[in-house]
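Data block below; observations after.
The values are calculated or read from the model by the stated rules, or taken from the named source; none is laboratory data. A quick note: this is a predicted structure, and the numbers were derived from the prediction, not measured. Here the Cβ positions follow ideal geometry from the backbone for every residue, glycine too, while neighbour counts run over all protein chains shown. The accessibility values were calculated without ligands, DNA or RNA, using every heavy atom of the protein model including side chains. Shrake-Rupley method; radii C 1.70, N 1.55, O 1.52, S 1.80 Å.
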Amino acid sequence: MTEANLQSAALTGNRVVVFSDLDGALLDHDGYSFEAAKPALAALAKHGIPIVAISSKTLHELEAIAPEIGLSEAMIAENGAVIKFSDGMIDRAVSRVAIWEVLDTLSEDLRSSMQCFCDMETEEISDLTGLDNTSAARAAMREATEPFLWHGDEAGLEMIGAKLALKDLQIVQGGRFFHIVPPRDKAAAMKIMLAQFEEQPESWALGDGPNDLGMLLAAKRGALIANPHLDTRSLLPDDHCLYLSSREGAAGWCDAIAVFLEG
Ligand SMILES: [Mg+2]
(Lines give C-alpha, C1' and ligand atoms only; values in the text may rest on other atoms or scores of the structure.)
Protein backbone atom coordinates (compact mmCIF):
# COMPACT_ATOMS: atom_id res chain seq x y z
CA MET A 1 0.00 0.00 0.00
CA THR A 2 1.57 3.26 -1.12
CA GLU A 3 1.24 6.72 0.34
CA ALA A 4 -0.87 7.74 -2.67
CA ASN A 5 -3.36 4.94 -1.90
CA LEU A 6 -3.62 6.09 1.69
CA GLN A 7 -4.20 9.71 0.73
CA SER A 8 -6.99 8.79 -1.65
CA ALA A 9 -8.62 6.18 0.57
CA ALA A 10 -12.24 7.04 1.20
CA LEU A 11 -13.86 6.45 4.55
CA THR A 12 -17.58 5.99 4.73
CA GLY A 13 -20.00 5.13 7.50
CA ASN A 14 -19.58 5.59 11.23
CA ARG A 15 -17.21 7.69 13.20
CA VAL A 16 -14.11 5.67 14.04
CA VAL A 17 -11.73 5.52 16.99
CA VAL A 18 -8.44 3.64 16.60
CA PHE A 19 -7.08 1.78 19.64
CA SER A 20 -3.44 0.95 19.15
CA ASP A 21 -0.77 -0.95 20.95
CA LEU A 22 2.59 0.77 20.57
CA ASP A 23 5.65 -1.50 20.98
CA GLY A 24 5.84 -3.94 18.08
CA ALA A 25 2.80 -2.35 16.42
CA LEU A 26 2.74 1.42 15.83
CA LEU A 27 6.35 1.49 17.05
CA ASP A 28 8.93 -0.94 15.65
CA HIS A 29 9.91 -3.68 18.10
CA ASP A 30 13.57 -2.69 17.89
CA GLY A 31 14.28 1.02 17.95
CA TYR A 32 10.77 2.32 18.71
CA SER A 33 10.52 4.08 15.35
CA PHE A 34 7.12 5.00 13.85
CA GLU A 35 8.60 6.33 10.62
CA ALA A 36 6.98 3.65 8.47
CA ALA A 37 3.54 4.41 9.92
CA LYS A 38 3.62 8.10 8.99
CA PRO A 39 1.54 7.78 5.78
CA ALA A 40 -1.23 6.03 7.77
CA LEU A 41 -0.98 8.54 10.62
CA ALA A 42 -1.39 11.37 8.10
CA ALA A 43 -4.39 9.65 6.51
CA LEU A 44 -6.09 9.14 9.89
CA ALA A 45 -5.44 12.78 10.82
CA LYS A 46 -6.92 13.86 7.50
CA HIS A 47 -10.09 11.92 8.31
CA GLY A 48 -10.18 13.28 11.88
CA ILE A 49 -9.87 9.77 13.32
CA PRO A 50 -8.33 9.81 16.83
CA ILE A 51 -5.75 7.23 17.92
CA VAL A 52 -6.04 6.09 21.52
CA ALA A 53 -2.76 4.54 22.67
CA ILE A 54 -3.41 1.30 24.56
CA SER A 55 -0.13 0.03 25.85
CA SER A 56 1.84 -1.56 28.63
CA LYS A 57 3.59 1.80 28.92
CA THR A 58 2.86 4.15 31.81
CA LEU A 59 0.76 7.28 31.53
CA HIS A 60 3.96 9.30 31.95
CA GLU A 61 5.52 7.54 28.95
CA LEU A 62 2.42 7.92 26.79
CA GLU A 63 2.00 11.60 27.63
CA ALA A 64 5.63 12.20 26.66
CA ILE A 65 5.35 10.63 23.19
CA ALA A 66 1.71 11.37 22.28
CA PRO A 67 2.28 14.86 20.80
CA GLU A 68 5.13 13.71 18.54
CA ILE A 69 3.11 10.82 17.10
CA GLY A 70 -0.18 12.71 17.07
CA LEU A 71 -1.98 10.46 19.53
CA SER A 72 -5.21 11.39 21.32
CA GLU A 73 -5.04 12.92 24.81
CA ALA A 74 -7.33 10.10 25.87
CA MET A 75 -5.09 7.08 26.42
CA ILE A 76 -4.95 3.69 28.11
CA ALA A 77 -1.81 2.81 30.01
CA GLU A 78 -0.41 -0.23 31.80
CA ASN A 79 -2.29 -2.81 29.73
CA GLY A 80 -5.72 -1.32 30.54
CA ALA A 81 -5.19 -0.79 34.27
CA VAL A 82 -4.93 3.01 33.93
CA ILE A 83 -7.38 4.97 31.80
CA LYS A 84 -7.03 8.69 31.10
CA PHE A 85 -10.18 10.12 29.59
CA SER A 86 -10.22 13.08 27.20
CA ASP A 87 -11.32 15.41 30.04
CA GLY A 88 -8.15 14.49 31.96
CA MET A 89 -9.85 12.24 34.53
CA ILE A 90 -7.75 9.19 35.43
CA ASP A 91 -9.10 5.83 36.54
CA ARG A 92 -6.85 3.14 38.07
CA ALA A 93 -8.13 -0.44 38.39
CA VAL A 94 -5.90 -1.22 41.40
CA SER A 95 -3.08 0.39 43.37
CA ARG A 96 0.50 -0.78 42.80
CA VAL A 97 0.92 -1.11 46.55
CA ALA A 98 -1.71 -3.87 46.56
CA ILE A 99 0.51 -5.81 44.13
CA TRP A 100 3.61 -5.34 46.30
CA GLU A 101 1.67 -6.72 49.28
CA VAL A 102 1.22 -10.01 47.38
CA LEU A 103 4.90 -10.09 46.33
CA ASP A 104 5.86 -9.77 50.00
CA THR A 105 4.05 -13.06 50.72
CA LEU A 106 6.05 -15.11 48.14
CA SER A 107 8.78 -17.53 49.19
CA GLU A 108 12.30 -16.17 48.86
CA ASP A 109 13.01 -18.74 46.13
CA LEU A 110 10.14 -17.48 43.97
CA ARG A 111 10.65 -13.81 44.72
CA SER A 112 14.37 -13.97 43.89
CA SER A 113 13.55 -15.48 40.48
CA MET A 114 11.54 -12.35 39.68
CA GLN A 115 13.25 -9.17 38.55
CA CYS A 116 10.53 -6.55 39.01
CA PHE A 117 10.63 -2.94 37.93
CA CYS A 118 10.38 -2.04 41.63
CA ASP A 119 13.63 -4.00 42.23
CA MET A 120 15.58 -2.12 39.58
CA GLU A 121 17.42 1.18 39.40
CA THR A 122 16.58 3.40 36.45
CA GLU A 123 19.88 2.43 34.79
CA GLU A 124 18.92 -1.28 34.82
CA ILE A 125 15.55 -0.53 33.24
CA SER A 126 17.37 1.59 30.69
CA ASP A 127 19.77 -1.27 29.85
CA LEU A 128 16.95 -3.84 29.54
CA THR A 129 14.60 -1.74 27.46
CA GLY A 130 17.02 0.32 25.40
CA LEU A 131 15.27 3.45 26.69
CA ASP A 132 17.35 6.45 27.65
CA ASN A 133 17.45 7.33 31.34
CA THR A 134 14.64 9.92 31.14
CA SER A 135 12.34 7.49 29.32
CA ALA A 136 13.30 4.65 31.67
CA ALA A 137 12.39 6.82 34.66
CA ARG A 138 8.96 7.41 33.09
CA ALA A 139 8.60 3.66 32.50
CA ALA A 140 9.34 3.04 36.18
CA MET A 141 6.48 5.31 37.27
CA ARG A 142 3.88 2.51 37.32
CA GLU A 143 0.52 3.20 38.95
CA ALA A 144 -1.40 -0.08 38.79
CA THR A 145 0.83 -2.87 37.41
CA GLU A 146 4.25 -4.43 37.97
CA PRO A 147 6.39 -5.66 35.06
CA PHE A 148 8.98 -8.34 35.71
CA LEU A 149 11.52 -10.60 34.07
CA TRP A 150 11.18 -14.25 35.08
CA HIS A 151 14.31 -16.32 35.70
CA GLY A 152 12.55 -19.40 37.11
CA ASP A 153 10.61 -22.32 35.60
CA GLU A 154 7.02 -22.64 34.39
CA ALA A 155 5.85 -24.26 37.66
CA GLY A 156 7.19 -21.34 39.69
CA LEU A 157 5.40 -18.88 37.48
CA GLU A 158 2.16 -20.82 37.99
CA MET A 159 2.64 -20.73 41.76
CA ILE A 160 3.00 -16.96 41.67
CA GLY A 161 -0.08 -16.75 39.46
CA ALA A 162 -2.06 -18.74 42.02
CA LYS A 163 -1.02 -16.37 44.83
CA LEU A 164 -1.96 -13.35 42.77
CA ALA A 165 -5.33 -14.86 41.81
CA LEU A 166 -6.32 -14.83 45.48
CA LYS A 167 -6.18 -11.01 45.27
CA ASP A 168 -7.88 -10.85 41.87
CA LEU A 169 -4.57 -10.16 40.11
CA GLN A 170 -3.00 -12.06 37.22
CA ILE A 171 0.10 -12.40 35.04
CA VAL A 172 0.07 -11.51 31.34
CA GLN A 173 2.92 -11.75 28.85
CA GLY A 174 3.92 -8.64 26.93
CA GLY A 175 6.61 -8.11 24.33
CA ARG A 176 9.61 -8.23 26.66
CA PHE A 177 8.25 -8.55 30.16
CA PHE A 178 5.62 -10.38 32.12
CA HIS A 179 3.19 -8.00 33.84
CA ILE A 180 1.23 -8.38 37.07
CA VAL A 181 -2.09 -6.76 36.26
CA PRO A 182 -5.62 -6.37 37.59
CA PRO A 183 -8.40 -8.16 35.67
CA ARG A 184 -9.12 -5.07 33.58
CA ASP A 185 -7.27 -5.86 30.38
CA LYS A 186 -6.97 -3.88 27.17
CA ALA A 187 -10.31 -5.19 25.84
CA ALA A 188 -12.18 -4.13 29.00
CA ALA A 189 -10.51 -0.72 29.06
CA MET A 190 -11.36 -0.19 25.39
CA LYS A 191 -15.04 -0.90 26.12
CA ILE A 192 -15.01 1.56 29.05
CA MET A 193 -13.50 4.24 26.81
CA LEU A 194 -15.99 3.55 24.01
CA ALA A 195 -18.89 3.83 26.48
CA GLN A 196 -17.89 7.47 27.07
CA PHE A 197 -19.01 8.45 23.59
CA GLU A 198 -22.62 9.57 23.18
CA GLU A 199 -22.84 7.88 19.80
CA GLN A 200 -21.02 4.56 19.76
CA PRO A 201 -18.07 4.92 17.34
CA GLU A 202 -16.65 2.08 15.29
CA SER A 203 -13.55 0.65 16.95
CA TRP A 204 -10.42 -0.38 15.09
CA ALA A 205 -7.76 -2.09 17.18
CA LEU A 206 -4.14 -2.95 16.32
CA GLY A 207 -1.52 -4.87 18.26
CA ASP A 208 1.10 -7.59 18.05
CA GLY A 209 1.10 -9.46 21.36
CA PRO A 210 -0.92 -12.12 23.18
CA ASN A 211 -2.16 -9.39 25.54
CA ASP A 212 -3.66 -7.56 22.55
CA LEU A 213 -5.77 -10.47 21.26
CA GLY A 214 -8.86 -9.84 23.43
CA MET A 215 -8.92 -6.23 22.29
CA LEU A 216 -8.38 -7.13 18.63
CA LEU A 217 -11.19 -9.69 18.69
CA ALA A 218 -13.57 -7.36 20.58
CA ALA A 219 -13.08 -4.43 18.19
CA LYS A 220 -15.21 -3.92 15.09
CA ARG A 221 -12.02 -4.38 13.06
CA GLY A 222 -8.79 -5.81 14.42
CA ALA A 223 -5.29 -6.14 13.01
CA LEU A 224 -2.62 -8.46 14.33
CA ILE A 225 0.76 -7.00 13.41
CA ALA A 226 3.46 -9.53 12.53
CA ASN A 227 6.19 -9.89 15.14
CA PRO A 228 8.98 -12.44 14.67
CA HIS A 229 9.64 -12.44 18.43
CA LEU A 230 6.10 -13.48 19.42
CA ASP A 231 4.06 -16.53 18.46
CA THR A 232 0.72 -14.73 18.73
CA ARG A 233 -0.96 -16.13 15.62
CA SER A 234 -1.10 -19.65 17.03
CA LEU A 235 -3.35 -18.31 19.81
CA LEU A 236 -6.02 -17.08 17.42
CA PRO A 237 -9.39 -18.85 17.26
CA ASP A 238 -10.08 -20.57 13.92
CA ASP A 239 -13.01 -18.28 13.13
CA HIS A 240 -11.26 -14.95 13.66
CA CYS A 241 -11.75 -12.10 11.19
CA LEU A 242 -8.56 -10.19 11.97
CA TYR A 243 -6.33 -8.60 9.39
CA LEU A 244 -2.92 -10.27 9.66
CA SER A 245 -0.11 -8.03 8.50
CA SER A 246 2.78 -9.58 6.64
CA ARG A 247 5.13 -6.73 7.49
CA GLU A 248 6.36 -6.08 11.03
CA GLY A 249 5.98 -3.10 13.35
CA ALA A 250 5.12 0.33 12.00
CA ALA A 251 5.13 -0.89 8.38
CA GLY A 252 2.55 -3.58 9.18
CA TRP A 253 0.53 -1.02 11.15
CA CYS A 254 0.54 1.24 8.09
CA ASP A 255 -0.66 -1.62 5.87
CA ALA A 256 -3.50 -2.45 8.27
CA ILE A 257 -4.78 1.13 8.47
CA ALA A 258 -4.64 1.38 4.68
CA VAL A 259 -6.82 -1.73 4.37
CA PHE A 260 -9.28 -0.48 7.01
CA LEU A 261 -9.57 2.94 5.34
CA GLU A 262 -10.42 1.25 2.05
CA GLY A 263 -13.59 -0.04 3.73
MG1 LIG B 1 3.13 -4.85 21.48
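As a test of the definition: which semi-axes, in Å, follow for region 163-224 when you take the square root of five times each eigenvalue of its alpha carbon gyration tensor? Largest first, please.
Numbers: eigenvalues 115, 49, 9 Å².
So the three semi-axes of region 163-224 are 24, 16, 7 Å.
Between N133 and S107, with labels modelled 7 Å along Cα→Cβ, what's the label distance in nm to one decimal, could you check?
Those two pseudo-labels are separated by 4.0 nm.
How many nm is it between the label spots at I90 and L244, if each spot is 7 Å from the Cα in line with the beta carbon?
It is 3.9 nm.
Residue by residue through region 37-45, which ³J(HN,Hα) values in whole Hz follow from phi under the Karplus form 6.51 cos²θ - 1.76 cosθ + 1.60 (θ = phi - 60°), with glycine and proline marked x?
Computed from phi, the couplings for region 37-45 are 8, 4, x, 6, 4, 5, 5, 5, 4 Hz.
Provide the per-residue ³J(HN,Hα) series for region 56-62, in order, calculated from phi with Karplus coefficients 6.51, -1.76, 1.60 and θ = phi - 60°, each as a whole number of Hz, with x at glycine and proline positions.
Those phi angles translate into 7, 5, 7, 4, 4, 5, 5 Hz.
Can you show me the helix-derived [θ] at 222 nm for the chain, built from DSSP H runs with n ≥ 4 at -39,500 (n - 2.57) apiece and divided by the number of residues, rounded to the nearest 500.
Working: 11 runs with 96 residues, N = 263.
When only DSSP H runs of four or more count, the value is -10000 deg cm²/dmol.
By the gyration tensor of its Cα atoms, with a ≥ b ≥ c the square roots of the eigenvalues, what is the shape of region 12-133: rounded for a/c under 1.5, prolate for a/b over b/c, or oblate? Write down the numbers at each step before the final one.
On the way: a/c = 2.85, a/b = 1.74, b/c = 1.64.
Verdict is prolate for region 12-133.
Excluding ligands and nucleic acids, what accessible area in Å² is computed for W100 using a 1.4 Å probe, to the nearest 10?
Accessible area, nearest 10 Å²: 90 Å².
Given a 1.4 Å probe and heavy atoms of the protein chains only, how would you sort E202, E101, largest accessible area at the top?
Working: E202 40, E101 115 Å².
Order by accessible area, largest first: E101, E202.
Over the residues of region 94-181, compute the C-alpha Rg and express it relative to 2.2 N^0.38 Å. Intermediate values should be presented prior to the final figure.
Details: Rg = 12.7 Å, N = 88, 2.2 N^0.38 = 12.1 Å.
Dividing the Cα radius of gyration by 2.2 N^0.38 Å gives 1.05.
Once Rh is set to the Kirkwood radius over Cα pairs, what Stokes-Einstein translational diffusion coefficient, in µm²/s, holds for the chain at a temperature of 20 °C and a viscosity of 1.002 mPa s? Intermediate results must be reported in sequence, preceding the final value.
Details: Rh = 18.8 Å.
The estimated diffusion coefficient comes to 114 µm²/s.
How much accessible surface area, in Å² rounded to 10, belongs to the heavy atoms of T105 with a 1.4 Å probe?
Rounded to the nearest 10, that gives 80 Å².
May I ask you to evaluate 6.51 cos²θ - 1.76 cosθ + 1.60, the Karplus curve with θ = phi - 60°, for each residue of region 86-102 and list the ³J(HN,Hα) values in order in whole Hz, giving x for glycine and proline?
5, 8, x, 5, 10, 10, 10, 6, 7, 8, 5, 4, 4, 5, 4, 4, 6
Estimate the FRET efficiency between A162 and V97 by the formula 1/(1 + (r/R0)^6), using the beta-carbon distance for r and 30 Å for R0, to the nearest 0.05.
Details: r = 21 Å, r/R0 = 0.70.
For R0 = 30 Å, the calculated efficiency reads 0.90.
Long-range amide H contacts for A205: which residues qualify at under 5 Å (H placed 1.01 Å from N, peptide plane, sequence gap of 5 or more or a different chain)?
Residues meeting the criterion, in which the H sits 1.01 Å from N, are F19, R221, G222, A223.
Looking at region 128-174, which trypsin sites (Lys or Arg not before Pro) are in a loop (DSSP not H, G, I, E or B) and have at most 16 other Cβ atoms within 10 Å?
Listed in order of number, the matching sites are K167.
Of the heavy-atom accessible surface of the chain (probe 1.4 angstrom), what whole percent is carbon and sulfur? Before the final figure, lay out the partial values.
Details: 5840 of 12020 Å².
Carbon plus sulfur share of accessible area: 49 percent.
Run the numbers for E124 and E198: contour at 0.36 nm per residue of separation, minus the present Cα-Cα distance, in nm. Spell out each step's value before the answer.
Values: separation 74, 0.36 × 74 = 26.64 nm, distance 4.45 nm.
Between E124 and E198, full extension yields 22.2 nm more.
Which one, C116, F148, V97, is farthest towards the positive end of the dipole of region 94-181 when Lys and Arg carry +1 and Asp and Glu -1 on their Cβ?
Selected residue: V97.
Once amide H atoms are placed 1.01 Å from N in the peptide plane, what residues at a sequence separation of 5 or more from L22, or on another chain, have their amide H within under 5 Å of its amide H?
Amide H to amide H, under 5 Å and 5 or more residues apart or across chains, L22 pairs with I54, S56.
What does the charge dipole of region 108-186 about its Cα centre add up to, to the nearest 20 debye, if the Cβ of each Lys and Arg holds +1 and the Cβ of each Asp and Glu holds -1? Before the final figure, lay out the partial values.
Details: 8 positive and 15 negative charges, 87 e Å.
Here region 108-186 has a charge dipole of around 420 debye.
Calculate, for the chain, the solvent-accessible area per residue in square angstrom, rolling a 1.4 angstrom probe over the heavy atoms of the protein chains. Intermediate results must be reported in sequence, preceding the final value.
Values: 12020 Å² over 263 residues.
Value for the chain: 46 Å² per residue.
Amide H neighbours of Q170 under 5 Å, at least 5 residues apart or on other chains, H built in the peptide plane: list them.
Result for Q170 returns V181.
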